Amino acid sequence: MASRMLQFVHVPQQRPEKRDVTARRADFREIYTDSDAPLAREQSSRCSQCGVPFCQVHCPLQNNIPDWLKLTAEGRLEEAYEVSSATNTFPEICGRICPQDRLCEGNCVIEKGFESVTIGAVERFITDTAFDRGWVRAPIPASENGLSVGIVGAGPGGLAAAEQLRRQGYAVHVYERYDRVGGLMTYGIPGFKLEKRIVQRRHELLEQAGIVFRLGTEIGRDISMDELRARHEAVLLATGVYKARELGGPGAGLPGIVKALDYLTASNRKGFGDEVPEFDSGVLDAAGRDVVVIGGGDTAMDCVRTAVRQGAHSVKCLYRRDRANMPGSMREVRNAEEEGVEFLWLSAPEAFLGDAAVSDVRAMRLRLGLPDASGRQSVEPIEGSHFTVPATLVIKALGFDPEDLPAAFGEPALAVTRWGTLKIDYRTFMTTLPGVFAAGDIVRGASLVVWAIRDGRDAAAQMHAWISEAAAQSSPQLAAD
Ligand code: FAD
Ligand code: SF4
Ligand code: SF4
């Protein structure tokens, strides 16, 4: 069935509806409704099928976007799913949480004047439909190859690698310190962006394929790196970055000032129905409190919107730069504003006030100055601009660094960069330990799910090449074959 593409001139951009603000403030369900087939088809037909598709160039996975848009516009959804899943391990997840405004959609050539094709929403629709119709199958290999790999960390980087290696017949063992699979997709990102069932159904498929998950197992504590390397032909480290950047200033140690990830993890665990003493005692619960979140990235946006849903009395976000210079996705800022969050741009905390616990934040206004060595505009304090905001819960969302990795893994030979991330050879993804590879945030620093997937897939290909070469060297007959 041929379709007419290039409909952007006649068909306006239309995103799936957002749920009503009052309803969405009251629960942790995703805020975007599903596309239906007519909407996905119509919106796909807006694509102009560029010869050099900048959307694809700016997608970290180089997804074949024009092809799956055309197939969707033609109603050939199973083929669209095959094309989309050929380059992306979790397209329905990226369709939900990639910052598309900075990646594929932000570079769509019809953006200027006509507004981009809704690439993320279509990608989500294709794979959700594929799940509904039973087209998504477990990555069961055609045959076992008798070799085994160990993956440390069940976040998107580790899972993407596990899936690729299992397809090739490896016995894949995933070691994860937590009790659930998904990494930050499970315990960091809240359900209103990515419902937990979406990650769980992927976990189930990977288990059906025979991947062994060793949950509650921390490498470096429960199993040493030496032992792990002895068990497997090769090992992948995909353990993310978790050390929160700290706040300074008077009163910074007062009770009531908490770390973003502790706060979000507690909220996500409550969503699973777990017992969380620090939530139940009120320490990590925003209900009825005046909440101030400090930071301007995705984590800060997730904290303010979680606080709204927990029934906070007021929610403010304090960020040192302005709206145009914040690192978080603009789409998420708009969602937060709709939900009642107040943004205090160009503001920084000076001191935390209170006796037994924090009660207020004293802050000052800033202005943007000249660009610094990194090219970013510096910020300068404005004399006499102090102000105070009530704050009975302060959430620190200033970003994450890696911990001391050689110490954590008990492996002094594991080299790190000057940022503390794992040092790898970028062609082979191998660390300074032979046969030990690394992928995702632990290599890049805090990044995105889509980049972790990309790294996991690339690292898996390199692990396969390295193991194959080692096997060929130890068996000359194999090399001759
Ligand atoms: P992780 O997802 O961190 O997974 C690492 C896993 O390794 C964890 O499960 C951890 O428990 C486990 N682990 C650690 N050490 C050990 C050990 N020694 N032994 C065994 N297991 C171990 N990205 C987006 O694209 N879109 C978003 O909207 C978005 N929102 C975010 C919101 C928040 C609050 C945060 C914190 C991040 C967000 N990100 C977002 C970033 C994204 O989640 C990460 O870039 C991505 O999850 C990194 O994947 P990873 O596999 O490298 O690590
Ligand atoms: Fe866009 Fe992310 Fe999908 Fe790539 S993976 S097409 S960047 S939504
Ligand atoms: Fe279609 Fe936009 Fe990609 Fe061009 S850049 S192929 S119009 S989605």
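The values are calculated or read from the model by the stated rules, or taken from the named source; none is laboratory data. Bear in mind the structure is a predicted one, so any value in this text is a computation, not a measurement. When we count neighbours, we look across all protein chains shown, and the Cβ atoms used for this are built from the backbone with ideal geometry, even at glycine.
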Given (1) within 23 Å of His464 (Cβ to Cβ); (2) surrounded by 18 or more Cβ atoms within 10 Å (Cβ to Cβ); (3) touching a Leu at 6+ places or on another chain (Cβ under 8 Å); (4) not hydroxyl-bearing (Ser, Thr, Tyr), Ala138 misses just (2)
Just checking, does segment 147-156 include any residue being buried (at least 16 other Cβ atoms within 10 Å of the Cβ) and in a helix (DSSP H, G or I)? yes
Tell me the helices (runs of 4 or more DSSP H) entirely within segment 70-133 that contain at least 3 residues that are of a type outside the set (Phe, Trp, Tyr) and within 10 Å of ligand 2 (Cβ to nearest atom). 91-97, 119-132
Among the residues that make up segment 119-127, is at least one of them surrounded by 18 or more Cβ atoms within 10 Å (Cβ to Cβ), within 12 Å of ligand 3 (Cβ to nearest atom), under 25 Å from Glu163 (Cβ atoms) and not aliphatic (A, V, I, L, M)? yes
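Conditions (1) in contact with a strand residue (DSSP E or B) (Cβ under 8 Å, 6 or more places away or on another chain); (2) of a type in the set (Lys, Arg); (3) more than 18 Å from Ala307 (Cα to Cα), marked per residue:
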residue: Glu342; (1), (2), (3): yes, no, no
residue: Leu370; (1), (2), (3): yes, no, yes
residue: Glu383; (1), (2), (3): no, no, yes
residue: Glu403; (1), (2), (3): yes, no, yes
residue: Lys423; (1), (2), (3): yes, yes, yes
residue: Met430; (1), (2), (3): yes, no, yes
residue: Gly435; (1), (2), (3): yes, no, yes
Which one is farthest from ligand 1 (Cβ to nearest atom), of the residues in segment 177-194 that are assigned to a loop (DSSP other than H, G, I, E, B) and under 13 Å from the mean Cα position of the chain (by Cα)? Gly191
Within segment 28-76, the residues that are in contact with a helix residue (DSSP H, G or I) (Cβ under 6 Å, 6 or more places away or on another chain) and among the charged types (D, E, K, R) are Arg41, Arg46, Asp67
Kindly list the number of the only condition in (1) within 30 Å of Met463 (Cα to Cα); (2) in contact with an Asp or Glu (Cβ under 8 Å, 6 or more places away or on another chain) that fails for Phe125. (1)
All but one of (1) in contact with a helix residue (DSSP H, G or I) (Cβ under 8 Å, 6 or more places away or on another chain); (2) among the acidic types (Asp, Glu); (3) away from ligand 1 (no atom under 15 Å from the Cβ) hold for Glu246; state the number of the condition that does not hold. (1)
For Leu147, state whether it is closer than 30 Å to Gly220 by Cα, more than 16 Å from ligand 1 (Cβ to nearest atom) and either without any contact (Cβ under 8 Å) to a residue 12 or more places away in the chain or among the aliphatic types (A, V, I, L, M) (or both). yes
Odd one out for Ala161 among (1) of a type in the set (A, V, I, L, M); (2) more than 15 Å from ligand 1 (Cβ to nearest atom); (3) in contact with a helix residue (DSSP H, G or I) (Cβ under 6 Å, 6 or more places away or on another chain): (2)
Being more than 16 Å from ligand 2 (Cβ to nearest atom), of a type outside the set (A, V, I, L, M, F, W, C), modelled with pLDDT of 95 or more and within 14 Å of Gly271 (Cα to Cα) is the requirement here; does Arg167 meet it? no
Restricting to segment 91-127, what's the tally of residues that are closer than 21 Å to Ala452 by Cα, in contact with a helix residue (DSSP H, G or I) (Cβ under 8 Å, 6 or more places away or on another chain) and among the charged types (D, E, K, R)? 6
Filter result for Ala252 (small (Gly, Ala, Ser) and not in a loop (DSSP other than H, G, I, E, B)): no
Segment 172-192, subset farther than 20 Å from Ile151 by Cα and in contact with a Phe, Trp or Tyr (Cβ under 9 Å, 6 or more places away or on another chain), residue nearest to ligand 3 (Cβ to nearest atom): Phe192
Kindly evaluate Val109 against the criterion of being crowded, with 18+ Cβ neighbours inside 10 Å and either within 30 Å of Val241 (Cβ to Cβ) or within 16 Å of ligand 3 (Cβ to nearest atom) (or both). no
Just for segment 418-445: of the residues that are within 19 Å of His232 (Cα to Cα) and hydroxyl-bearing (Ser, Thr, Tyr), which one is surrounded by the most Cβ atoms within 10 Å (Cβ to Cβ)? Thr431
Go through segment 157-208 and give me each residue that's under 23 Å from Arg231 (Cα atoms), buried (at least 21 other Cβ atoms within 10 Å of the Cβ) and hydrophobic (A, V, I, L, M, F, W, C). Leu159, Ala160, Ala161, Ala162, Leu165, Val172, Val174, Val181, Leu206
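The rows are residues; the columns are (1) within 11 Å of Glu123 (Cα to Cα); (2) more than 10 Å from ligand 3 (Cβ to nearest atom); (3) in the same structural domain as Ala162 (by TED's automatic domain parsing).
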position	(1), (2), (3)
Leu39	no, yes, no
Phe54	no, no, no
Leu61	no, yes, no
Pro66	no, no, no
Leu69	yes, no, no
Ala73	no, yes, no
Glu79	no, yes, no
Thr87	no, yes, no
In segment 206-227, residues that are of a type outside the set (Val, Ile, Thr), closer than 16 Å to Ser148 by Cβ and assigned to a strand (DSSP E or B) total 2
Qualifying positions in segment 200-229 - among the basic types (Lys, Arg) and under 21 Å from the mean Cα position of the chain (by Cα): Arg201, Arg202
